[in-house]
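**Q** Here it is, the structure in full.
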Amino acid sequence: MKNRTLLMIPGPIEFDPAVLSAMGAPTASHLAPDFVEAFGQALERTRILFQCPDGQPFVLAGTGTLGMDSACANLVETGDAALVVNTGYFGDRIGNILERYGAKVSHVRAAPGDHPALEDVERALKTGSYKVMTITHVDTSTGVLADIKSLAALGQRYGALVVVDGVCSVAGEELRMGEWGVDVAFTASQKAVGVPPGLALLVAGPRALAALKARKTPVGSYYADWNNWLAVMQAYEARKTAYFGTPAVNLVFALDVSLGQILQEGLEPRFARHARISRALKAGIAALGMGQVPLNDAIAAHTMTAPRFPAGVNGADLLPLVGKAGVTLAGGLHPAIKNEYFRIGHMGAVTLGDALATLGAIETGLAACGYQFQAGAGLAAAEQAYLK
Ligand SMILES: *Cc1c(COP(=O)(O)O)cnc(C)c1O
């Protein structure tokens, strides 16, 4: 295994061998009985993953952005008001998509690394009559974790459909769609769900489907129109077939394997594992004298970490050196602070070993940059935090 590197970016991630092996199986007909069973089971498991017992799952060929696009396309008609709880780059993106479908969009923003106060969101909800409110659960450009439970309750109180971009959270952060009053949530296969890129997973609750039915105008996107996919998803779940667009057969087989692993681990233990590894990594980063983009621990994601480059270290130098030490990390994404920080993804099948290997490679890179620190300090702090 020469040239083996550890992929620790916020998606795609390291995938389990059983998942990859399903990807490599001979491609079946999308009408074959074993595919029908796998797709049906994957849909049932998606509903469980999103904790939305009365929700309708959709598994579509596409990326996380298709999840964003289809949520907006199906819920919004020209002239509808939409509120974006904006914690970074992906809040801006969903705002653009909403506008594309004709919505009048308002944003409640916070400085990079911060989360808007609940009072500010409530004030906005009070003054506008919003059909839709969107929240990014973990904004991958800042590593900020949104308080979905409180925000969704507010959205419900003011009559807005609550849409959660869970692309960097679902299967890594707690999300109780049904209990918390989230109407639509979506993710992409390549993040905490642990399947190579190419699938969007979305669950629409009853209020979202009722809003679709009540539309006066057709959905503005043909491919993303849930009306075209509803019969397909319902057929496969009933272990029958129906056609609209060819399912991504190998990806769906792989998804079913990964969802099986996720549910076997259990959602609560899985969230706890992500939290524990996150705590260890963040302790290691802090012990190396690095700050982080989220302003405090309470609003920091457990699926990724966004360390700030330490003073005197040129960011453009560090990441290639960490890569040379065997770990691939991601650069900054938020336009306002892009060159000030980098990003570590730690989701899916991630282990303590991966976190320690990552910190070791970061220490190696920092040393090569001439940064002064005590060798092993990050690793020791991470182990202590993990064992605590
Ligand atoms: C990655 C990501 C997206 C976009 O997903 P793609 O698969 O790259 O289209 C959207 N929102 C969030 C929060 C993400 O992390």
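The values are calculated or read from the model by the stated rules, or taken from the named source; none is laboratory data. Fair warning: this is a prediction, and the values are worked out from it, not measured in the lab. All Cβ positions, even for glycine, are placed from backbone atoms using ideal geometry, and neighbour counts span all protein chains on display. Just so you know, the surface numbers come from the protein's heavy atoms only, side chains and all, with ligands and any DNA or RNA stripped out. Shrake-Rupley method; radii C 1.70, N 1.55, O 1.52, S 1.80 Å.
**Q** Report ³J(HN,Hα) in whole Hz for each residue of region 93-99, in order, from the Karplus equation J = 6.51 cos²θ - 1.76 cosθ + 1.60 where θ = phi - 60°; Gly and Pro get x.
**A** These are the phi-based 3J(HN,Hα) values: 5, 5, x, 4, 5, 4, 5 Hz.
**Q** Can you work out the Karplus-derived ³J(HN,Hα) for every residue in region 31-41? Use 6.51 cos²θ - 1.76 cosθ + 1.60 with θ = phi - 60°, whole Hz, and x for glycine or proline.
**A** Here the 3J(HN,Hα) series is 9, 5, x, 5, 6, 4, 5, 5, 5, x, 5 Hz.
**Q** Quick one: what Rg and Dmax do you get for region 261-388 from the alpha carbons, in Å?
**A** In Å, with Rg to one decimal and Dmax whole: 14.3, 46.
**Q** Continuing with this model, one more query. I want the local charge near VAL162. Using Cβ-Cβ distances under 12 Å, sum +1 for each Lys or Arg and -1 for each Asp or Glu among the other residues.
**A** +2
**Q** What residues have an amide H closer than 5 Å to that of ARG343, excluding those fewer than 5 places away on the same chain, when H is modeled at 1.01 Å from N in the peptide plane?
**A** Placed amide hydrogens put ALA330, GLY331 under 5 Å from ARG343.
**Q** Which of the peptides 84-92, 6-14, 121-129, 24-32 is most tightly packed, and how do the rest follow, judged by the mean count of other Cβ atoms within 10 Å per residue?
**A** Put in order of decreasing packing, that is 84-92, 6-14, 121-129, 24-32.
**Q** If you average the C-alpha positions of region 22-73 and of region 316-363 separately, how far apart do those two centres end up, in angstrom?
**A** Between the Cα centre of region 22-73 and that of region 316-363, the gap is 30 Å.
**Q** Enter the accessible area of ARG343 (Å², nearest 10), with the probe set to 1.4 Å and all protein chains included.
**A** ARG343 exposes around 30 Å² with every protein chain in place.
**Q** What figure in square angstrom, to the nearest 10, would you give for the accessible area of LEU321 with a 1.4 Å probe?
**A** Its accessible surface works out to 50 Å², give or take rounding.
**Q** If you don't mind, there's one more thing I want to ask. Name the long-range amide H neighbours of LEU6: under 5 Å, sequence gap of 5 or more, or other chain; modelled H, no Pro or chain starts.
**A** When sequence neighbours closer than 5 places are left aside, the close amide H contacts are VAL327, THR328.
**Q** Oh, and also: Could you pull out every residue, at least 5 positions away or on a different chain, whose amide H is within less than 5 Å of the one on THR87? Hs are placed 1.01 Å off N in the peptide plane, and Pro or chain starts have none.
**A** THR136
**Q** What are the equivalent ellipsoid semi-axes of region 17-265, built from the alpha-carbon gyration tensor (square roots of five times its eigenvalues), in whole angstrom, biggest first?
**A** Over the Cα atoms of region 17-265, the semi-axes work out to 30, 20, 15 Å.
**Q** Related question: Could you count how many Lys pairs in the chain have their Cα atoms under 20 Å apart, skipping same-chain pairs fewer than 8 positions apart?
**A** Here the count comes out as 11.
**Q** Excluding PRO53 itself, what net charge comes from residues whose Cβ is under 12 Å from its Cβ, given Lys and Arg +1 and Asp and Glu -1?
**A** -1
**Q** Another question, then. Got a sec to turn the phi values of region 18-23 into Karplus ³J(HN,Hα) couplings, 6.51 cos²θ - 1.76 cosθ + 1.60 with θ = phi - 60°, whole Hz, x for Gly and Pro?
**A** Working through the residues one at a time gives 5, 5, 5, 5, 5, 4 Hz.
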